[in-house]
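Contents: one structure, followed by commentary.
No lab work stands behind these numbers, since they all come straight from the coordinates. Not measured: the values here are computed from a predicted model. Quick reminder, even Gly has a Cβ in these numbers, built from the backbone with ideal geometry, and neighbours come from all protein chains shown.
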Amino acid sequence: MDYLLSEVIMRANRYLTELPTRRVSPAPDTVAGLKRLDVPLQDHPINPATVLAELDDVGSSATVASAGNRYFGFVTGGALPPTMAANMLAAVWDQNAVLETASPVASFIEEVCRKWLVSVLRLPPQTAIGFATGATMANFTGLAAARHALLQKQGWDVESRGLFGAPAIEVIVGEEVHVSVLKALSMLGLGRDRVVRIPVDDQGRMRAESFPPIAGPTIICTQAGNVNTGAFDPAEEICLKAKEAGAWVHVDGAFGLWAAAAPKKSALAKGVENADSWATDAHKWLNVPYDSGLIFVREARHLLAAMSSHAAYLIEGEKREPSHYVPEMSRRARGIEVWAALRSLGTTGLSDLIERCCGFAARFAEGLQNEGIQVLNDVVLNQVLVKFGLK
């Protein structure tokens, strides 16, 4: 094991050293070389060091250099050094974050992270948190809590009785709703095509004045950071409408919710704290390794009712039981890297990371415009939407 761990460190260091200068997308011949991994499964064990070497020699060059400083694809973050190290330590610990008895450290760290995150994101102090795989499952979890809360008001136990015969729930989204929200709605039985779509402005923000009258159980899905423009839906106005009608507001803030942690950008998130649930990714702006999504729900009872499961052999105590806050039971202890990121950055380090990235985006846009390239969005966050003369 000592030799194997030292080999991992050596090979990881080499990969990271070469990362800044290697090509971002793997060369076609290295991708084609992956076929060397597609061999008949042998009968007898192979030396673990040989397996590691094969994986590194063939696989490393076929990766996308998304952790490097020349990658601009999608909304993919790199990993901060302390989070990468914490991830490796967590792999050695190999904790199952299912129950407090299975991993006291995983349970305890999740609660510490809850307090820190609720504070920096300026959410209500009692807000509950779940550690999911990414924004898709975070949206799913938050919307499941919404489904429970709204149907409970109607006297319907959806967890026990399902949706057959249940009161209808109306779902309101913007015309530029993210596909992850639609996927979550489809998995929850609420449907991706039966939603009410609200017109948006030229930046993708929902027009609050276009909302229909809200009556009956209703979920409103808003965006904190449009994936194309970075624009925020008018959360303050939408939440006021929702509160008057007894509707639930869910915020898809996969990356934009982090603006609340940055003084220079927090005004964009004004009113977001009045929602009922919020989804975001730690593997975006918090820069922890994949995969790491976060779901926040204002009232823990709704999240627990939607996600909890019990069995006689599962020994539960009075402390935080991690599996009661997300769909998974057996899962890795994602909170460890989140703790390492927040502990290493502090509040000022986190806000600087966000504001610096937004500053680079503004500089990027200015440079492109100076070269005659059309920038299509108001650069308010970290998106620069450009048009290179194509019709």
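Overview of values
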| quantity | calculated |
| --- | --- |
| Range of Cα positions in the range 187-322 per principal axis (Å), largest first | 54, 39, 26 |
| Estimated 222 nm signal from helices in the chain, with DSSP H stretches of n ≥ 4 weighted -39500 (n - 2.57), rounded to 500 | -12500 deg cm²/dmol |
| Extension gain from Arg343 to Ile373, taking 0.36 nm per residue of separation minus the Cα-Cα distance | 6.7 nm |
| Listed candidates (1) 22.6, 68; (2) 25.1, 78; (3) 21.6, 68 - label of the one calculated as Rg and Dmax of the Cα atoms in Å | (1) |
| Candidates Pro20, Pro40, Pro125, ranked by Gaussian network fluctuation over the chain, Cα under 10 Å, top entry | Pro40 |
| Whole-Hz ³J(HN,Hα) from phi, Karplus 6.51 cos²θ - 1.76 cosθ + 1.60, for the range 278-294, glycine and proline x | 9, 10, 8, 10, 7, 7, 9, 6, 7, 6, 9, x, 5, 10, 7, x, 10 |
| The range 320-391 - Debye-derived log10 I(q)/I(0), Cα point model, q = 0.13 Å⁻¹ | -0.64 |
| Karplus (6.51, -1.76, 1.60) ³J(HN,Hα), θ = phi - 60°, over the range 120-136, in Hz, Gly and Pro reported as x | 5, 8, 6, 9, x, x, 8, 4, 8, 9, x, 9, 10, 6, x, 5, 4 |
| In order through the range 207-219: 3J(HN,Hα) via Karplus (6.51 cos²θ - 1.76 cosθ + 1.60), integer Hz, x for Gly, Pro | 8, 4, 6, 8, 5, x, x, 9, 9, x, x, 9, 10 |
| Mean-position separation - Cα centroids, the range 1-39 and the range 101-131, in angstrom | 35 Å |
| Zone residues, the range 1-41, relative to Ala49, backbone N less than 17 Å from point 7 Å out along Cα-to-Cβ | 1-12 |
| Segment Asn69-Lys387, length gained on full extension (0.36 nm per residue, minus Cα span) | 112.2 nm |
| Max mean-square fluctuation residue, GNM over the chain, Cα-Cα springs under 10 Å, options Phe211, Phe164, Phe72 | Phe164 |
| Trypsin sites (Lys or Arg not before Pro) within the range 109-188: DSSP coil, no more than 16 neighbouring Cβ in 10 Å | Arg122 |
| Quotient of C-alpha Rg and 2.2 N^0.38 Å, computed over the range 171-251 | 1.01 |
| Full-stretch length increase - Ala300, Leu240 - with 0.36 nm per residue and alpha-carbon distance subtracted | 19.4 nm |
| Ranking of Asp202, Asp352 by count of other Cβ atoms within 10 Å, fewest first | Asp202, Asp352 |
| Equivalent-ellipsoid semi-axes of the range 2-73, from the Cα gyration tensor, Å, largest first | 25, 18, 7 |
| Inverse of mean 1/r across different Cα pairs in the range 120-175, Kirkwood, Å | 13.4 Å |
| Which of Lys319, Lys284, Lys241, Lys35 has the fewest Cβ neighbours within 10 Å, and the rest in rising order | Lys35, Lys319, Lys241, Lys284 |
